[in-house]
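Shown next, in structure tokens, is the structure this report addresses.
The values are calculated or read from the model by the stated rules, or taken from the named source; none is laboratory data. Here the structure is a predicted model, which is why all the values come from computation and not from measurement. Note that we place each Cβ from the backbone using ideal geometry, even for glycine, and neighbour counts take in every protein chain shown. Surface accessibility is based on the protein's heavy atoms, side chains included, excluding ligands, DNA and RNA. Shrake-Rupley method; radii C 1.70, N 1.55, O 1.52, S 1.80 Å.
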Amino acid sequence: MSPQTRLAHTRPRRHGSRPARIPADLADTATARALRNYRFQRRRAVVTVVVLTAILAGLPILLDLWPLLDRLRLADIPLSWLALAVLPYPLLVVVGVWHLRRAEAIEDSG
């Protein structure tokens, strides 16, 4: 075991995922702004995860409810297969860019 690993194992660990409360005397410091940004971005991330889940779980459900796409073909490939194989990736990129812009807007305003 390397000395750094031994040192890391001897340090006390802080359990829990919540950041500490911001003391009143630190309310205008960079640390307080960083904690505020972290909290706002975490809330926005929850919305992004819900949207991603809706896309990834909703697309197969939508295709199941709309069986016409199994009979339509493009280059002898069912349109439903193309929708499952190709459509999610551009949607994921769009959601990723949307999330990044929202996260950067939080940082710019804070």
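All of (1) out of contact with any helix residue (DSSP H, G or I) (no Cβ under 8 Å at 6 or more places or on another chain); (2) within 18 Å of Arg44 (Cβ to Cβ); (3) surrounded by 13 or more Cβ atoms within 10 Å (Cβ to Cβ) hold for Asp108 with one exception: (3). Under 6 Å by Cβ, and 6 or more places apart or on different chains, what pairs join a residue from the stretch 83-110 that is in contact (Cβ under 8 Å) with a residue 24 or more places away in the chain with one that is open to solvent by less than 60 Å² (accessible area, probe 1.4 Å) and of a type in the set (Val, Ile, Thr)? Qualifying pairs under 6 Å: Leu91/Ile55; Val95/Val51; His99/Thr48. Within the set Arg102, Arg44, the sole residue that is of a type in the set (Lys, Arg), touching a helix residue (DSSP H, G or I) at 6+ places or on another chain (Cβ under 9 Å) and open to solvent by less than 90 Å² (accessible area, probe 1.4 Å) turns out to be Arg102. Pairing residues of the stretch 47-70 that are under 16 Å from Leu87 (Cβ atoms) with residues that are polar (S, T, N, Q) and modelled with pLDDT under 90, at Cβ distances under 8 Å and at least 6 apart in sequence or on separate chains, gives Leu63/Ser80; Leu69/Ser80; Asp70/Ser80.
Entry remark, the stretch 54-83: residues being surrounded by 14 or more Cβ atoms within 10 Å (Cβ to Cβ), in a helix (DSSP H, G or I) and not hydroxyl-bearing (Ser, Thr, Tyr) number 8 in total.
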